[in-house]
Ligand SMILES: Cc1cc2nc3c(=O)[nH]c(=O)nc-3n(C[C@H](O)[C@H](O)[C@H](O)COP(=O)(O)OP(=O)(O)OC[C@H]3O[C@@H](n4cnc5c(N)ncnc54)[C@H](O)[C@@H]3O)c2cc1C
C-alpha cells in the first residue's frame, strides 16, 4: 500500500495550479465577480475552452475517444485545485458530460445539471445543455447568494425527472464536488494563517493569540480529514466512501470559511475580502448532488449492513 | 495513490490471520480490571506468544531485536489483531510504544541489549514517569532532581498519573540534572528500576473506579549513570522522540475497534427501536463516515512515514485531535442508543465511555495539540 500521490499526480497538481494562478488569479476572480454582478453571468468561455484544452473535462475519457485516459484520483486532484482558485461554472456537470454531450470534453460547451434539490438550476442562462436532459428548460433568473453561481428557477424542475437525469452521476458528482470543497477548505486555512501572521493587535500578530491559533488548527484538522476521505473515495470508487467524503468536505469548506471570516474580523465581513466568496460557494456545493442528510442516511444504511 | 496491498503484504496478512485463529482460543480468561497481577500476567503472556511466533517488535529495527517490518506491515498487524479480538498491548504499552522505540533510536548497544529483549519477550513492564504534580502540559518545568554522586544519580521528587506503575519493572524517567540551565536544557532521560529503594507507588483511583495510574514518590533513589539514555541534559530532545512515537502509532488499532463498536451500536439501535429516530440514525451515519475517514488518515500517515523512513511525523497531532473527539462522540451516541441502561457500570461499553474521556487529555491535551499544529505545521508565531 502506498497512499501517497505519485510523481505524475504531483506534477499534474503543480501544472493545474500554475495554469489557474496565471489564468484565474485574484484579479481575474475579482473582475469575474464584478462582471457577474453587472451581467448575471459567470462563466468565462475563454477560460472554459482553455480548461478543456488542458484536459480538465476530458481527463477520464479514454485516449481512443480523445481523452486523457486518467482516473478519479487524478480528477479529484484537479478539482481540488479548481476549488482553491474558486473557478466558477458547472465544472462537475461538464466533466461528467464529457463524451456524452458534444463539446463538453473540449470545453466548447457549458453543461449544467439538475444537481440541486428543488426547482433551482445553476448556470442555466449560460448553459448549452443539461446533463441527462433532452432539452434546456426555460427558467427565470433569481438573485443568487453566491455572485459567481447564477441561479434560475425552472418551471418543471426537480422532482422525479431531475432525479432520473442525475441519479447515474450522483456518486461521482458528489465526490468531485467534495474535491472542490476540499480545495476551498485548504485555501481558507491559508488565508486565515496569512492574515493571522500579518494583522497586529495588542502589539503582536493576532496569530500569537491562542484563541486564533486554535481556530486555525481546527481548520487544518477538518481540511486534512476531508482531503484524505476524498482521495480514498477516489481510489476505491466506493459510493459509501464518496458520500462520507462529501459530508466531511462540505463541513470542512463551510466551517473553515466561517472560521476564516472570524479570523479576519471586520475585514472578513467586507465585499473586498475573498472569504465570503468561499463561504457562499461552499453553501452552494453543500446543496449539490448529495446533501448532508442524504449522505448520512446512506452511510447509516451501510453501517447497518456492515453490522450484518 | 494506491490503497491496494502488495502480494507480500497480503501474504503477511494471511499468515497472521491463520496464526491468530490458532492462538486466540488458547488464551486464558481475561482477568478483571482491578486484578493487577492477573492483568500483568495476561498481557505478558500474550506478548510472549507474539514473541514466539515472530510478531514481537515487528516494526522495530533488526539490530534492536525487531523484525524490521515496514510501517504498512505494522498497520496490518494492528488491524488484524484488533479485528480478531486479540488482547491490546495493555501493560506493555510504554515498553513497546515509547520506551522501547526511544532506546532503539537513542540508546547505546549495551542499553539496547539490556532493555529491549525483555520488552519483546514479555518479561518486563515499563511505565512512563514524565508528568509531575506541577508539570503536566508544561512538561519541561518538571522539578524532580537528579544529583550526581559517583556513578549514580540520586533522585528526589514525585511523578503523577503514571499508568501501570503498580506492575512496572522499569520507568522511563525525566529528571532535572541541571537546575541552572534554561528549562528545556537541564533535563535527562533515565531508566529507573521500580524496585529501587526509595520508590513508593501510591495508586490513584480514576473516574472509572479503577487504579489505572498512580503517584510515584522518589526519595533519594539511586540510579546508575549508565542508565541514562542520550547525553546529560539532552533529555528534552530524547523526549520529543518518545512523544512522536506515542502520538504517531498509539491509536491505530483503536480506530478499527471503534468502527466495530459503531456497527454493534447500529444493530442494538435497530433491535430496541431507536433506529427509527432519524436524528439518531443520521448521527450514527455521520460517525461511520468519520471513522471511515480516520482509518484512511491512518493509512495516509503510515504511507507517509514509510516514505520518510519510519519516524512518525507531527501529522500524528492532526490525527489525535480528530480521533479523540470522534471517540468521545461515539460513546455519547451510544448513551443515546442505550438510554437509561447507560447508567449501569455493568455494561462494558459504559467503562469504555468513561475511559474515552481521557483521550483529549492523555499524551498531550487537545489544547496543546492545537498549539503544536498551529505553530509547527501552520507556522503561526509562538505566544508569549
Ligand atoms: C489516563 C491518563 C493516563 C496518563 N498516563 C501518563 C503516564 O503514564 N505518564 C505520564 O507521565 N503522564 C501520564 N498522563 C498525564 C498526561 O500526560 C497529562 O495529564 C497531560 O499532559 C495534561 O497535564 P495535566 O494533567 O497536568 O493538565 P494541565 O497541564 O494542568 O492542564 C489543565 C488544563 O489546562 C489546559 N492548558 C494547560 N496549558 C495550556 C496552554 N499552554 N494552552 C492552553 N491550554 C492549556 C489543558 O489543556 C487542560 O485543559 C496520563 C493522563 C491520563 C488522563
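The values are calculated or read from the model by the stated rules, or taken from the named source; none is laboratory data. All values derive from a computational prediction rather than experimental measurement. Glycine gets a Cβ as well: all are built from the backbone with ideal geometry, and neighbour counts include every protein chain shown.
Any idea which of A:183, A:107, A:89 is more than 17 Å from residue A:278 (Cα to Cα) and at pLDDT 95 or above? Steps first, answer last, please.
Numbers: A:183 fails: more than 17 Å from residue A:278 (Cα to Cα); A:89 fails: more than 17 Å from residue A:278 (Cα to Cα).
A:107 is the lone residue from the list that is more than 17 Å from residue A:278 (Cα to Cα) and at pLDDT 95 or above.
Can you name the residue in segment B:124-143 that is outside any strand (DSSP E or B) and closer than 14 Å to residue B:191 by Cα and, of all such residues, is farthest from the ligand (Cβ to nearest atom)? I'd like the intermediate steps shown before the answer.
Going residue by residue through segment B:124-143, those that are outside any strand (DSSP E or B) are B:124-125, B:130-131, B:133-134, B:136-143.
From what's left, closer than 14 Å to residue B:191 by Cα: B:124-125, B:130.
Working: B:124: 16, B:125: 12, B:130: 3 Å.
So, considering only residues that are outside any strand (DSSP E or B) and closer than 14 Å to residue B:191 by Cα, the one farthest from the ligand (Cβ to nearest atom) is B:124.
If we scan segment A:177-193, do we find a residue that is part of a helix (DSSP H, G or I) and without any contact (Cβ under 8 Å) to a residue 40 or more places away in the chain?
Taking segment A:177-193 first, the residues part of a helix (DSSP H, G or I) are A:177-193.
Filter once more, keeping what is without any contact (Cβ under 8 Å) to a residue 40 or more places away in the chain: A:190, A:193.
Yes, segment A:177-193 contains at least one residue that is part of a helix (DSSP H, G or I) and without any contact (Cβ under 8 Å) to a residue 40 or more places away in the chain.
Residues in segment B:1-54 that are within 14 Å of chain A (Cβ to nearest Cβ) and closer than 24 Å to residue B:212 by Cβ: how many? Spell out how you get there, then give the answer.
Of all residues in segment B:1-54, those within 14 Å of chain A (Cβ to nearest Cβ) come to B:1-13.
Imposing the further condition that a residue be closer than 24 Å to residue B:212 by Cβ reduces the set to none.
So the answer is 0.
Which members of segment B:362-378 meet the condition of being assigned to a loop (DSSP other than H, G, I, E, B), out of contact with any strand residue (DSSP E or B) (no Cβ under 9 Å at 6 or more places or on another chain) and more than 7 Å from every other protein chain (Cβ to nearest Cβ)? Before you say what the answer is, go through the steps one by one.
Quick first cut of segment B:362-378, residues assigned to a loop (DSSP other than H, G, I, E, B) only: B:362-365, B:378.
Remaining after also requiring out of contact with any strand residue (DSSP E or B) (no Cβ under 9 Å at 6 or more places or on another chain): B:363-365, B:378.
If the condition is that a residue be assigned to a loop (DSSP other than H, G, I, E, B), out of contact with any strand residue (DSSP E or B) (no Cβ under 9 Å at 6 or more places or on another chain) and more than 7 Å from every other protein chain (Cβ to nearest Cβ), then B:363, B:364, B:365 are the ones that fit.
Got a sec? Which of B:358, B:342 is more than 14 Å from chain A (Cβ to nearest Cβ), in contact with a helix residue (DSSP H, G or I) (Cβ under 6 Å, 6 or more places away or on another chain) and surrounded by fewer than 20 Cβ atoms within 10 Å (Cβ to Cβ)? Explain how you work it out, then say what you get.
Values: B:358 fails: in contact with a helix residue (DSSP H, G or I) (Cβ under 6 Å, 6 or more places away or on another chain).
Among B:358, B:342, only B:342 is more than 14 Å from chain A (Cβ to nearest Cβ), in contact with a helix residue (DSSP H, G or I) (Cβ under 6 Å, 6 or more places away or on another chain) and surrounded by fewer than 20 Cβ atoms within 10 Å (Cβ to Cβ).
Taking the condition of being more than 16 Å from the ligand (Cβ to nearest atom), surrounded by fewer than 16 Cβ atoms within 10 Å (Cβ to Cβ) and part of a strand (DSSP E or B), how many residues in segment B:202-226 meet it?
The number of residues fulfilling the criteria is 3.
Could you list all residues from segment A:89-99 that are without any contact (Cβ under 8 Å) to a residue 60 or more places away in the chain and over 11 Å from the mean Cα position of the chain (by Cα)?
Residues of segment A:89-99 that are without any contact (Cβ under 8 Å) to a residue 60 or more places away in the chain, as a first pass: A:89-90, A:94, A:97-99.
Result: A:94, A:97, A:98, A:99.
Can you spot a residue in segment B:105-113 that is away from the ligand (no atom under 16 Å from the Cβ) and buried (at least 22 other Cβ atoms within 10 Å of the Cβ)?
Let us first name the residues in segment B:105-113 that are away from the ligand (no atom under 16 Å from the Cβ), namely B:105-113.
Next, only the ones that are buried (at least 22 other Cβ atoms within 10 Å of the Cβ) stay: B:107.
Looking for residues that are away from the ligand (no atom under 16 Å from the Cβ) and buried (at least 22 other Cβ atoms within 10 Å of the Cβ), one finds at least one in segment B:105-113, hence yes.
So residue B:162 ticks every box in (1) out of contact with any strand residue (DSSP E or B) (no Cβ under 6 Å at 6 or more places or on another chain); (2) at pLDDT 95 or above but one. Which box is left unticked?
Only one criterion in (1) out of contact with any strand residue (DSSP E or B) (no Cβ under 6 Å at 6 or more places or on another chain); (2) at pLDDT 95 or above is unmet by residue B:162, namely (1).
Can you list the helices (runs of 4 or more DSSP H) found entirely within segment A:38-105 that contain at least 3 residues being buried (at least 23 other Cβ atoms within 10 Å of the Cβ) and out of contact with any strand residue (DSSP E or B) (no Cβ under 9 Å at 6 or more places or on another chain)? Working first, answer last.
Details: elements: A:45-53, A:72-85, A:91-97.
Counting at least 3 such residues, we get A:72-85.
Looking at residue A:212, is it over 18 Å from the mean Cα position of the chain (by Cα), in contact (Cβ under 8 Å) with a residue 12 or more places away in the chain, assigned to a helix (DSSP H, G or I) and surrounded by fewer than 21 Cβ atoms within 10 Å (Cβ to Cβ)? Spell out how you get there, then give the answer.
On the way: over 18 Å from the mean Cα position of the chain (by Cα): yes; in contact (Cβ under 8 Å) with a residue 12 or more places away in the chain: yes; assigned to a helix (DSSP H, G or I): yes; surrounded by fewer than 21 Cβ atoms within 10 Å (Cβ to Cβ): no.
In short, no.
What are the residues in segment A:119-134 that are within 20 Å of residue A:40 (Cβ to Cβ) and out of contact with any helix residue (DSSP H, G or I) (no Cβ under 8 Å at 6 or more places or on another chain), if any? It would help to see each step written out before you state the result.
Keep residues of segment A:119-134 that are within 20 Å of residue A:40 (Cβ to Cβ), which gives A:119-130.
Across segment A:119-134, the qualifying residues are A:119, A:120, A:121, A:123, A:124, A:125, A:126, A:127, A:128.
Here are A:193, A:212, A:221, A:225: which of them is within 7 Å of chain B (Cβ to nearest Cβ) and over 26 Å from residue B:292 (Cβ atoms)?
On the way: A:212 fails: within 7 Å of chain B (Cβ to nearest Cβ); A:221 fails: over 26 Å from residue B:292 (Cβ atoms); A:225 fails: over 26 Å from residue B:292 (Cβ atoms).
Residue meeting the stated conditions: A:193.
If only one of B:104, B:69, B:29 is under 24 Å from residue B:258 (Cα atoms) and either free of Cβ contacts under 8 Å to residues at least 60 places away in the same chain or more than 18 Å from the chain's Cα centre (by Cα) (or both), which one is it?
Details: B:104 fails: under 24 Å from residue B:258 (Cα atoms); B:69 fails: under 24 Å from residue B:258 (Cα atoms).
After ruling out the rest, the residue left standing is B:29.
In the set A:102, A:137, A:150, which member is touching a residue at least 60 places away in the same chain (Cβ under 8 Å) and away from every other protein chain (no Cβ under 14 Å)? Outline the logic, then answer.
Details: A:102 fails: touching a residue at least 60 places away in the same chain (Cβ under 8 Å); A:137 fails: touching a residue at least 60 places away in the same chain (Cβ under 8 Å).
Just one listed residue meets the conditions, A:150.
Which residue out of B:290, B:329, B:348, B:264 is modelled with pLDDT of 90 or more and more than 13 Å from chain A (Cβ to nearest Cβ)? Walk me through it before giving the result.
Working: B:290 fails: more than 13 Å from chain A (Cβ to nearest Cβ); B:348 fails: modelled with pLDDT of 90 or more; B:264 fails: more than 13 Å from chain A (Cβ to nearest Cβ).
None of the other options fit; the residue is B:329.
Just to be sure, is residue B:165 within 16 Å of the ligand (Cβ to nearest atom), under 30 Å from residue B:34 (Cα atoms), free of Cβ contacts under 8 Å to residues at least 60 places away in the same chain and buried (at least 21 other Cβ atoms within 10 Å of the Cβ)?
Details: within 16 Å of the ligand (Cβ to nearest atom): yes; under 30 Å from residue B:34 (Cα atoms): yes; free of Cβ contacts under 8 Å to residues at least 60 places away in the same chain: yes; buried (at least 21 other Cβ atoms within 10 Å of the Cβ): yes.
Yes.
Evaluate segment B:176-190: report whether one residue or more is out of contact with any helix residue (DSSP H, G or I) (no Cβ under 7 Å at 6 or more places or on another chain) and part of a strand (DSSP E or B).
Yes, segment B:176-190 contains a residue that is out of contact with any helix residue (DSSP H, G or I) (no Cβ under 7 Å at 6 or more places or on another chain) and part of a strand (DSSP E or B).
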